[in-house]
Amino acid sequence: MPHCVIECSAEIAGHPDIDRLLHAVHEATDASGLFQGADIKVRLQSYDDFLVGGRDQDFVHITCHILAGRSDDQKGQLAERLVGAVCERLPGVQSISCEVRDMAPAAYRRRDKPQARG
């Protein structure tokens, strides 16, 4: 926990340095001090078909799913940190947003399987 889902236009997802964006989101989430780095998951979903303000305009939106229990201030600071990290990596993108969502602990399950190292 958390799960940071980056949604963006296909053009952004096709950028040769897209892995830097994923790492920037991971680093910004880790720097919040709210989570252990090893627990942070970041993934990207791109869209070919979309409109922003009625136009075909690049966008990035992050939804950060976290277990309930953080204050509104903590969630707001996390959202600011994530938007800032994306703005720094993609200064030409006009539409950058983030939403931090609480997940009910009673409704969340996970399994982490140790990976073999070779």
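Rule-based calculations on the coordinates, nothing more; no lab input. Just so it is clear, the model here is predicted, and its values are computed rather than measured.
Here are a few things to note about the model shown:
- Fully extending the segment from Ala31 to Ala10, taken as 0.36 nm per residue of separation minus the present Cα-Cα distance, adds 4.8 nm.
- Amide H partners (placed H, <5 Å) of Gln57, local residues excluded: Val52
- Dimensionless Rg over Rh [the chain; C-alpha; Kirkwood]: 0.99
- Taking amide H atoms as placed 1.01 Å from N in the peptide plane, the amide H of Ser95 lies under 5 Å from those of Val60, each 5 or more residues away in sequence or on another chain.
- Beta bridges by DSSP in the chain, antiparallel share as percent, to the nearest 5: 30
- In degrees, nearest ten, helix 72-89 long axis to first principal axis of the chain (Cα): 50
- Axis angle, to the nearest 10 degrees, between helix 18-31 and the longest C-alpha principal axis of the chain: 40 degrees.
- For the range 20-87, diffusion coefficient by Stokes-Einstein and Kirkwood Rh (Cα), 37 °C, 0.692 mPa s, µm²/s: 246
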